[in-house]
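Reviewing the structure listed below.
The values are calculated or read from the model by the stated rules, or taken from the named source; none is laboratory data. Bear in mind the structure is a predicted one, so any value in this text is a computation, not a measurement. Glycine gets a Cβ as well: all are built from the backbone with ideal geometry, and neighbour counts include every protein chain shown. Areas reflect the complete protein model, heavy atoms only, side chains present, ligands, DNA and RNA absent. Shrake-Rupley method; radii C 1.70, N 1.55, O 1.52, S 1.80 Å.
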Amino acid sequence: MIAALRERVRERAPNLSTAAWLYLFLRAQQRRYARAGADPRPPRELVEASPNGAVLRLRDHELADLRFQLGELAASQKLDEIAAFLDRVAAIRPRAVCEIGSAAGGTLYLLTRVAADDAVLVSIDVDLPAHVAAARRRLARADQRVVGIQGDSHAPATVDRLRAALAGRPLDVLFIDGDHSYAGVRGDWERYAPLVRPGGVIGLHDVHEDYTTSRGAVTAAISGDVPRFWRELGAGLRTEELVADPEQDGYGIGVVYP
Ligand SMILES: C[S@@+](CC[C@H](N)C(=O)[O-])C[C@H]1O[C@@H](n2cnc3c(N)ncnc32)[C@H](O)[C@@H]1O
């Protein structure tokens, strides 16, 4: 009897120690996310551009070595452009924010820095597994709530889930950076822009043409059809264009003031 019990413990010990290691590892990750969430510094002090200028990485918080597909917390943004956009967002101290296209979570994190202490921030992405959404909930600052929605932004069910998260509030800020095809960005505009209140702020990322379109060169930038949609959208709206360098390959934030 005792020998059989000993044998069973011996068999299961490796599984138990793996489970314990995984638990402790995930707890440590959660604590690191929570520390980044509690960091009071302004956006410009929290991130730095990668050497090739393609992405913004988080400073100091050691979120770069996360495993299990959490990946690195980063934003595909030009620092001067997103910082200028965040200044406009901060000026209205939004309580309801939505971004379409979370990718590596960097823009969501930056938005939490400038939203109101009690804001709800909804991040929509077709690829946002539950464990990633759970980690990103911890990026919330003060009494904020971060809600991740995994779904196609064009699906009516996704819009319904956003409305449920907002519980009747209009959006103060919308950042569109999802599907960059013409139908895709147009669909996001038509579905989500009407949810933003007058006096709010809407950002569209990648309004500047990439070299693939402007120079016939294949590069990593992917503005897609957003610049064309942006040019058409301008008429009749109060807009502003944030582009760090007119010669750059893609990027650029188009701002609309509804
Ligand atoms: C350019 S990345 C977003 C970058 C991010 N905002 C940043 O600056 O770091 C585009 C993201 O949109 C998501 N996406 C593309 N089409 C989508 C759709 N129809 N619905 C929801 N998300 C979509 C992709 O999965 C991807 O993560």
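Under a crude label model (7 Å from the Cα following the beta-carbon direction), how far is Ala28 from Arg6 in nanometres?
3.4
Working from the pairwise distances between different alpha carbons, so that the mean of 1/r is found and then inverted, what is the stretch 136-255's Kirkwood radius in Å?
The answer is 15.7 Å.
Could you size up the charge dipole of the stretch 153-249 around its Cα centre, putting +1 on the beta carbon of Lys and Arg and -1 on that of Asp and Glu, and report it in debye to the nearest 20?
Working: 10 positive and 16 negative charges, 119 e Å.
Computed charge dipole of the stretch 153-249: roughly 580 debye.
Quick one: the Cα spread of the stretch 1-45 along its three principal axes, in angstroms, biggest first?
Principal-axis extents of the stretch 1-45 (Cα, largest first): 64, 12, 6 Å.
What whole-number value in Å² describes the accessible area per residue of the stretch 32-256 for a 1.4 Å probe?
44
Beta carbons within 10 angstrom, averaged per residue: use that to sort the peptides 102-112, 83-93, 160-170, 52-62, highest first.
The peptides rank, most packed first, as 102-112, 83-93, 52-62, 160-170.
DSSP beta bridges in the chain, what fraction antiparallel, as a percent rounded to 5? Before the final figure, lay out the partial values.
Working: 13 of 34 bridges.
DSSP beta bridges in the chain are roughly 40 percent antiparallel.
When only Cα pairs under 8 Å and 6 or more residues apart are kept, what is the percent relative contact order across the stretch 147-258?
Answer for the stretch 147-258 is 27 percent.
If you roll a 1.4 Å probe over the chain with all protein chains in place, what percent of the accessible area is carbon or sulfur?
55
Find the Cα radius of gyration of the stretch 102-171, compare it with 2.2 N^0.38 Å by division, and give the number to two decimals.
1.04
What is the Cα convex hull volume of the stretch 32-256 when expressed per residue in Å³?
118
As a test, work out the antiparallel percent of DSSP beta bridges whose residues both lie in the stretch 166-258, rounded to the nearest 5.
The antiparallel fraction comes to roughly 60 percent.
What is the magnitude of the charge dipole of the chain about its Cα centre, with +1 placed on the Cβ of each Lys and Arg, -1 on the Cβ of each Asp and Glu, and no other charges, expressed in debye to the nearest 20?
1420
Over the stretch 32-256, calculate the relative contact order: mean separation of alpha carbon pairs under 8 Å at least 6 apart, over the residue count, as a percent.
17
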